[in-house]
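K.L.:
Sending over a structure as structure tokens; questions will come in a sec.
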């Protein structure tokens, strides 16, 4: 199966991302052991049911993982917490720097990061990859889509809970980075952690682990970093918010893929420049 992810910049510099499955090659599907006498609808329904059960099982394993942390895992968690605290003194400086560097070009770059870290894009891309694999009978592609969905969904739940519990004020309220109103969900007080940062790093982590290509990984994490920076640039989050969000997304992405390391397979990658943008072609 050949999968193309195109990033196109139009005349208005708006970013459009289209996911197109352009060719499905015939072959035996390894998705599940189902009788050939079953109809395509029955086969797809069985595969989806199997994947749903895997998602449910992974949900329990990911969210109960802290109960089984070893010393190294707790040390990593402590580093993330400590790093978030260490960034508090530079939150205001980072905000000031971002506000001083507003420009048309930076606005466009920020929009790319904002779109990549949005829930609509993350779930849309995950669903597109999953359905592409399902339609083509490609287990590797379908598994990648399932992992992307798990990582994004689990990250989203974690972020929403933490936002509500911490109730940190956003920068634009001008109440400072130490103003907290816990256990509520007003948009002005859901700054910590950054959802865009978390979702973008969750997505990039799964894709990086599944594709196994150094250059693609660098590109993915660069866009995720851009997503985090854009939230500070747009005055929607403090720098420490984006750091914690990135750490959460990365950790959950690694956890999800780590549960199924034996399912990982290498995909060949081609990057093709065009007149209106760049096409990244994944061959599964």
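K.L.:
Is it true that residue 131 is in contact (Cβ under 8 Å) with a residue 24 or more places away in the chain and in contact with a helix residue (DSSP H, G or I) (Cβ under 8 Å, 6 or more places away or on another chain)?
P.N.:
No: the conditions fail for residue 131.
K.L.:
On to the next question. For region 93-107, name all the residues that are closer than 25 Å to residue 179 by Cα, surrounded by 13 or more Cβ atoms within 10 Å (Cβ to Cβ) and without any contact (Cβ under 8 Å) to a residue 12 or more places away in the chain.
P.N.:
97, the sole residue that qualifies.
K.L.:
Against the conditions (1) touching a residue at least 24 places away in the same chain (Cβ under 8 Å); (2) under 19 Å from residue 145 (Cβ atoms); (3) surrounded by 18 or more Cβ atoms within 10 Å (Cβ to Cβ), where does residue 212 fall short? Just the number, please.
P.N.:
For residue 212, the exception is condition (3).
Residue by residue, here is whether (1) touching a strand residue (DSSP E or B) at 6+ places or on another chain (Cβ under 7 Å); (2) at pLDDT 95 or above; (3) exposed (fewer than 14 other Cβ atoms within 10 Å of the Cβ); (4) under 21 Å from residue 241 (Cβ atoms) holds:
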| site | (1), (2), (3), (4) |
| --- | --- |
| 66 | no, no, yes, no |
| 69 | no, no, yes, no |
| 72 | no, no, yes, no |
| 75 | no, yes, yes, no |
| 80 | no, yes, no, yes |
| 83 | no, yes, yes, yes |
| 91 | no, yes, no, yes |
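K.L.:
Which number in (1) buried (at least 20 other Cβ atoms within 10 Å of the Cβ); (2) in contact with a strand residue (DSSP E or B) (Cβ under 7 Å, 6 or more places away or on another chain) marks the one condition that residue 233 misses?
P.N.:
All conditions are met except number (2).
K.L.:
Let me ask something else about it. Specify which of the listed residues (110, 145, 133, 128) is more than 22 Å from residue 223 (Cα to Cα) and crowded, with 17+ Cβ neighbours inside 10 Å.
P.N.:
133
K.L.:
Here's another thing I want to ask about it. Only one residue in 222, 204 is without any contact (Cβ under 8 Å) to a residue 60 or more places away in the chain, surrounded by 21 or more Cβ atoms within 10 Å (Cβ to Cβ) and farther than 24 Å from residue 92 by Cβ, so which one is that?
P.N.:
One residue alone meets the criteria, 204.
K.L.:
Hey, could you check region 183-223 for residues that are modelled with pLDDT of 95 or more and assigned to a loop (DSSP other than H, G, I, E, B) and say which is farthest from residue 247 (Cα to Cα)?
P.N.:
190
K.L.:
Please go through (1) in contact (Cβ under 8 Å) with a residue 24 or more places away in the chain; (2) at positive phi; (3) surrounded by fewer than 18 Cβ atoms within 10 Å (Cβ to Cβ) for residue 178 and return the number of the only condition it doesn't satisfy.
P.N.:
The one condition residue 178 does not meet is (2).
The values are calculated or read from the model by the stated rules, or taken from the named source; none is laboratory data. Note that this is a predicted model, so its numbers are computed, not measured. Glycine also receives a Cβ, built like all others from the backbone with ideal geometry; neighbour counts cover every protein chain displayed.
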